[in-house]
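What follows is a short report on a single structure.
All of the numbers you see were taken from the coordinates with simple rules; none came from a lab. Remember, it's a predicted structure, so these values are computed and weren't measured experimentally. We place every Cβ from the backbone using ideal geometry, glycine too, and count neighbours over all the protein chains shown.
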Amino acid sequence: MKRIRIAIAVMAVIVIAALGIFIFSSNFTKDQKNKSDSEAQKLVLFDFDESAVDKIEVDNATGKYVMEYKDSKWELTNSDEFELNEFSVSSICSKMCNLTATKILDDKDKSKYGFDDPITLTAYVGDDSYTLLIGDATPTYESFYVMKENSDDIFLINYTDGVVLCATKDALKETYMLGYHTYDIKHFCLWKGSEKDENILFSMYENEDGSWSMKKPYEDTSVYNTQIDTFLSDTVKDEVYTFVQENCKESEYSKYGFDNPQYVYEVSTDTETKKIIFGDFTNNENEIYGLFVNSGQVVTFYTGDIATLSYNTMDMMNTSVYSADMADVRKVTVKMPDATAELEISGDTYTLNGTKVEGDDAKNLFAEFYNSFNNAYFESIENDDQPEGDAEITITYEMNDNIVTDISYIPVPGEDSNTYWAMKNDQYTGFVVRKKVIHNITSIYEELAEAVSQSDEK
């Protein structure tokens, strides 16, 4: 019995001791966690809502810049010397709003770490502001020394974060040539030399339905919307290679060839217009000088990367001389050297010279004949030509809306010539077609006429 009482007593002592150890251990762990959390909290420099930032100020060796968020975009409001890179500003916001240091220094001597003349970065959130002072990079370029305003503590932050937060002038500049999305663009125009009207390659305007129309040099000419989309996609990706000079004055244009430019590119949105002048090539000829006229910023573009200057007029055009949807046409008269064809169209009912076109073969030939002149492609653009003489073939379209359009082809003189001038309503289009196009029209008509004749005899 005595042994039992002793055993019970021993067990009680063990339980009490174990409980004490558990309580001590729990308290110790909790204290350590609290200490760790407290130390981690000391490294949190800023913690605020990125989306609520409405202004950022940067003051560094390259200047002082004030950027405000207006109308859903960042704007440089204290200067107009360059286009602002909105991505860079967004990156500054993203880094600063959740900025945590990697270490806090014991040393408080600010003069050692570049704080005699620091970079100052301030983010404004309503009535609140958050200011960061950025000193030197560490000798190993692993970190930057930073301080909070009104604090003596010196911290280390990640080097890549520091580079973003330093916000140098070149880092704030827009690096894309346009800085637009393709859907923002409503008009664009490219021309050679300084005289716009005389050397225009293309002037394009977006229609209400999202399609595009060419206004110059050939108004009402059918265009390739897919090709236009490709052009815009290419040009919005064109990037600046180097920044050369700010605030270039007109008196300095000759230094870069802007007084006699190779090309000028003009782009408009609903709210603004940008103009870029392309001047001389640099000494290595791998780069070309560019001028953002709005800001006076001179840059270079790497010629191997820039797509803007690789397009010409014909790249934008549907190269058919004239094209009309058959569903919109009531009647077409085709006058050829040896025959005249009168085509009448009413839905799926076709007639040729008053005879109804019957049978699949004849209907297919009717469609082929229509396409032979309706999709007649020009080979080149010869604006300086002065057509004279009589037309060999004339096509007269009478539309359902009563609009009448004449397309005619005049042989280009010369023993070896095998081309024709294309005319629209007796006005030279500037287009030249091959003889094979004319031959194709007449040869298909012969097949069609025979097929319709045979069908009629049956």
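Using 0.36 nm per residue of separation minus the Cα-Cα distance, give me the extension gain between LYS331 and GLN227 in nm, one decimal.
Computed gain between LYS331 and GLN227 is 34.3 nm.
With θ taken as phi - 60° and the coefficients 6.51, -1.76 and 1.60, list the Karplus ³J(HN,Hα) couplings across the range 412-428 in order, rounded to whole Hz; mark glycine and proline as x.
Once rounded to whole Hz, the list reads 6, x, x, 4, 9, 6, 10, 10, 9, 7, 9, 10, 10, 6, 6, 10, 5.
Scanning the chain for helices, which whole DSSP H stretches are 20 Å or more long along the axis (Cα) and average -0.5 or more by Kyte-Doolittle?
Length and hydropathy pass: 2-42, 435-457.
Label points 7 Å out from Cα along the Cβ direction at LYS169 and SER417: separation in nm?
Roughly 6.0 nm, to one decimal.
Would you work out the relative contact order for the range 50-172, in percent, from Cα pairs under 8 angstrom that are 6 or more residues apart?
This gives 28 percent for the range 50-172.
So how do PHE231, PHE87 line up by other beta-carbon neighbours within 10 Å, fewest first?
Listed from fewest to most nearby Cβ atoms, that is PHE87, PHE231.
Determine the relative contact order of the range 326-457: mean sequence separation of Cα pairs under 8 Å and six or more apart, normalised by residue count, in whole percent.
Relative contact order, the range 326-457: 26 percent.
In nanometres, what is the gap between the two model label sites at ASP384 and THR242, each 7 Å from Cα along Cα-to-Cβ?
3.7
Taking H as built 1.01 Å from N, whose amide H comes closer than 5 Å to the amide H of GLU379, not counting residues under 5 places away?
Correct list: VAL432, VAL433, ARG434.
Too long at a 25 Å Cα-Cα cut-off: which of LYS70/LYS148; LYS64/LYS249; LYS42/LYS73; LYS70/LYS192; LYS95/LYS274; LYS95/LYS186?
As for pairs spanning more than 25 Å Cα to Cα, those are LYS70/LYS148; LYS42/LYS73; LYS70/LYS192; LYS95/LYS274; LYS95/LYS186.
Can you give the Rg/Rh ratio of the chain, where Rg is from the C-alpha atoms and Rh is the Kirkwood radius?
With Rg and the Kirkwood Rh in hand, the quotient comes to 1.29.
Could you give the length gained by full extension between ASN207 and THR269, i.e. 0.36 nm per residue of separation minus their alpha carbon distance, to one decimal place?
Fully extending the segment from ASN207 to THR269 adds 21.0 nm.
Out of residues 5 or more away from TYR224 or on other chains, whose amide H comes under 5 Å of its own, with H placed 1.01 Å from N in the peptide plane?
MET317, ASN318
Would you please name the GluC sites (Glu not before Pro) within the range 193-236 that are DSSP coil residues with at most 13 other C-beta atoms within 10 Å of their C-beta?
Loop-located and lightly packed - GLU195, GLU198, GLU208, GLU219.
Mind scanning LYS335/LYS435; LYS173/LYS237; LYS55/LYS275; LYS237/LYS275 and naming the pairs with a C-alpha gap bigger than 19 Å?
LYS55/LYS275
Roughly how far apart, in whole Å, are the Cα centres of the range 255-283 and the range 329-366?
About 51 Å separates the Cα centre of the range 255-283 from the one of the range 329-366.
Excluding residues on the same chain fewer than 8 positions from LYS331, give the aspartates and glutamates whose Cα lies under 13 Å from its Cα.
Excluding near neighbours in sequence, the set is GLU342, GLU344, GLU398, ASP401, ASP406.
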